[in-house]
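Below: the structure, in structure tokens.
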Amino acid sequence: MALEPVEATLIAASVTSVVSTAAVVITHLLTRGRERRHKRWDRKMDTYVELLKSRRAMGSACRDFLAKRTTPSQVFDAEQELKDLGQLRAQLSMFGSTAVQALDDLALIGFTQWMKAVSEWRDFDNMARADPESARKAEEKLEQIKTLSENGDLIEKRMTEAILAEADFKVPFKLERWRRPFRRDAIKR
């Protein structure tokens, strides 16, 4: 049984329309997937930018304190930081890598310890004029604050390295690589 020219034309048109529809659907699905990945990537990088700005503000407060003995609240808006912290932490948990999240946890713990040490130093420093023992304790606290500041700078540097490694599509940042350099003697347990 031979095909009539009309039948052959209809079959060819049907096959062509099915193939063309399939190509359009596949192209649409691939494009949509790529756009989702790009949006996720953009959100991830935006989160990292906000994270670095926030942690650098903390580092700046530490350096300013060491240089001028200014109160951290004069250079660092803790109330605004705490307000933004919840949203930033949520974004980081959604879009950040585990390495960057771990480094951020360390940065927050270190900054909390630093703030506590500064508060204790202020108490000792206020009593130092009347009590020589308080003056000695104030000097010890100041050394601890310097060590905590150095650790904070190192954590900030490692966080920047981890983010740059992700942005450059390099091998995932290894957490073990940066664990050793911190001075544990400055951290109270």
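The values are calculated or read from the model by the stated rules, or taken from the named source; none is laboratory data. Being a predicted model, the structure only gives us computed values, none of them experimental. Glycine gets a Cβ as well: all are built from the backbone with ideal geometry, and neighbour counts include every protein chain shown. Keep in mind that these areas ignore ligands, DNA and RNA; they rest on the heavy atoms of the full protein, side chains included. Shrake-Rupley method; radii C 1.70, N 1.55, O 1.52, S 1.80 Å.
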Margin query: Report every pair of residues separated by at least 6 positions or lying on different chains whose Cβ atoms are under 8 Å apart, first residue within region 102-118 and among the charged types (D, E, K, R), second open to solvent by less than 20 Å² (accessible area, probe 1.4 Å).
Written below: Asp104/Leu51; Asp104/Arg55; Asp104/Leu92; Asp104/Gly96; Asp104/Met159
Notebook entry, point to check: Is there a residue in region 52-61 that is polar (S, T, N, Q), open to solvent by less than 70 Å² (accessible area, probe 1.4 Å), at pLDDT 85 or above and part of a helix (DSSP H, G or I)?
Noted result: yes
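Can you name every residue in region 116-157 that is closer than 30 Å to Met45 by Cβ, touching a helix residue (DSSP H, G or I) at 6+ places or on another chain (Cβ under 7 Å) and open to solvent by 40 Å² or more (accessible area, probe 1.4 Å)? Steps first, answer last, please.
The initial filter retains those residues of region 116-157 that are closer than 30 Å to Met45 by Cβ, namely 148-157.
Narrowing the set further to residues that are touching a helix residue (DSSP H, G or I) at 6+ places or on another chain (Cβ under 7 Å) leaves 148-149, 151-153, 155-156.
Once the filter is applied, which keeps residues that are closer than 30 Å to Met45 by Cβ, touching a helix residue (DSSP H, G or I) at 6+ places or on another chain (Cβ under 7 Å) and open to solvent by 40 Å² or more (accessible area, probe 1.4 Å), region 116-157 yields only Asp153.
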Margin query: Among the residues that make up region 74-88, is at least one of them over 30 Å from Arg37 (Cα atoms) and at pLDDT 85 or above?
Written below: no
Item checked: Output for region 125-143, where each listed residue is more than 34 Å from the chain's Cα centre (by Cα) and within 30 Å of Glu156 (Cα to Cα) -> Asp125, Lys137
Item checked: Residues satisfying the stated conditions in region 41-66, i.e. touching a Pro at 6+ places or on another chain (Cβ under 7 Å) and touching a residue at least 40 places away in the same chain (Cβ under 8 Å) -> Phe65
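Looking at region 92-119 only, could you name the residues that are in contact with a Gly (Cβ under 8 Å, 6 or more places away or on another chain) and of a type outside the set (A, V, I, L, M, F, W, C)? Break it down stepwise before answering.
Narrowing region 92-119 to residues in contact with a Gly (Cβ under 8 Å, 6 or more places away or on another chain): 104, 107, 110-111, 114.
Answer for region 92-119, where residues must be in contact with a Gly (Cβ under 8 Å, 6 or more places away or on another chain) and of a type outside the set (A, V, I, L, M, F, W, C): Asp104, Gly110.
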